[in-house]
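Reading through the structure tokens given below for one structure.
The values are calculated or read from the model by the stated rules, or taken from the named source; none is laboratory data. Owing to the predicted nature of the structure, the values given are computational and were not obtained by experimental measurement. Neighbour counts are summed over all protein chains in view; Cβ atoms, including those assigned to glycine, are modelled from backbone coordinates with ideal geometry. Note: areas computed on protein heavy atoms with side chains; ligands, DNA, RNA excluded. Shrake-Rupley method; radii C 1.70, N 1.55, O 1.52, S 1.80 Å.
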Amino acid sequence: PVTPFTLRDRYMGIDNRMMTILKLYNDHNEKCRGLINNGFAEATVERYETTRKHLAEFMMTKYGKTDMTLKELNPAFISNFEYFLKTQHKCNHNTATKYLKNFKKIIRIALANGWMDKDPFASIKFHLDEVDMAFLTEEELQRMMTMQISNDRLNRIRDIYVFSCFTGLAFSDAQGLRYENIEELKGQKWIVVRRKKTNQMCRIPLLPPALAVLEKYKDDPYCIKTGLVLPIPSNQKTNAYLQEIANLAGIEKHLSTHTARHTFATTVTLSNNISIEVVAKMLGHSSINMTKKYARVVDDFISRDMSKIQDKYKL
């Protein structure tokens, strides 16, 4: 349509159809960063910024360009970008797919604003491979709790990991946990906190092992200074130290901060007959289907349930 604005833009050489990929991505990420703690988690914004960085590197590597216009995008661009992520950055299928999904959101914005005529993702269907995440068994969890560690740094990380195993908190929620998030209800202390990722409220009764960790660090100088309940370093450092601890404990699994959440869902709660509905509430999930991704039914759990019908079907 011809309007005073389109006439002005054409006269001045401004054409929104020439919007570039990185300019649109920069505008999107800037708005998202301004909404951190107001609908967006910082980790989500960081993922968008990482995708933007990979795109910039891809365009320079593949096309020799610092940026490209949106009208240059096509299904081949998307396919080449996926190949680049898997080969140059060694991303597995699920990680590459998540980057592509982030990019697709930017394309939807361009389509909604009329800056693109065709959707390069139209014929592309996403799927994620099933991943069997590691978790600690009851024996491994006890070993982790009772092992003697002389190194203060590793000892602290072990305590933080144990705390997460008995609360199910995601890393970002545990890292930002404050004493005002701990309430006493009917003589028992609870964590009452809103999840950063989903904005869902979590209510988690504190079990004795978690309470012991809180008591141990209540006078920690860092905790006193910041008002945080635990002195938790970055996720990257924590994961690196966890692998050292796993080696010391003889646990032949790749441990990360997220495996503590799986351990809470599987070993601490579901294996002890806590209903999946209650576990979903404590994990801050809006749907039980989300909880099923965390829940791993261990062999002992299967054996215990099946033993209830053994006598009924004896020959």
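Summary of computed values
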{"quantity": "Kirkwood-Stokes translational diffusion coefficient of the range 89-193, alpha-carbon pairs, 10 °C, 1.306 mPa s, µm²/s", "calculated": "85"}
{"quantity": "Percent of Cα pairs exceeding the 17 Å cut-off, where the set is the range 40-81", "calculated": "36"}
{"quantity": "Cα-projected label distance for Lys312 with Asp119, points at 7 Å along beta-carbon direction, nm", "calculated": "4.8"}
{"quantity": "Mean projection area, nm², convex hull over Cα of the range 62-148", "calculated": "9.5"}
{"quantity": "Share of carbon and sulfur in the accessible heavy-atom surface of the range 225-273 [1.4 Å probe, %]", "calculated": "50"}
{"quantity": "For the chain, built as a Gaussian network whose Cα springs stay under 10 Å, the top-fluctuating residue of Ser234, Ser271, Ser172", "calculated": "Ser234"}
{"quantity": "Two-decimal Rg/Rh across the range 130-264, once Rg and the Kirkwood Rh are taken from alpha-carbon atoms", "calculated": "0.95"}
{"quantity": "Residue-normalised accessible area of the chain, expressed per residue, 1.4 Å probe, Å²", "calculated": "59"}
{"quantity": "Accessible carbon and sulfur surface of the range 50-207 relative to its total accessible area, %, 1.4 Å", "calculated": "48"}
{"quantity": "Inter-probe distance in nm under a simple model that places probes 7 Å from Cα toward Cβ, at Ile276 and Arg108", "calculated": "2.7"}
{"quantity": "Spread of Cα-to-Cα distances over 10 Å intervals beginning at zero, given as percent, for the range 8-109", "calculated": "14, 44, 30, 10, 1"}
{"quantity": "For the chain, Kirkwood radius (reciprocal of mean inverse C-alpha pair distance, Å)", "calculated": "22.9"}
{"quantity": "Cross-link table Lys189/Lys293; Lys53/Lys118; Lys23/Lys281; Lys90/Lys197, entries beyond 32 Å C-alpha to C-alpha", "calculated": "Lys23/Lys281"}
{"quantity": "Förster radius 35 Å - calculated FRET efficiency between Lys186 and Gln142 (Cβ-Cβ, nearest 0.05)", "calculated": "0.75"}
{"quantity": "Charge context of Cys202, other residues only, Cβ under 10 angstrom, K/R +1, D/E -1", "calculated": "+3"}
{"quantity": "Dipole moment magnitude, nearest 20 debye, the chain about Cα centre, only Lys, Arg, Asp, Glu C-beta charged", "calculated": "780"}
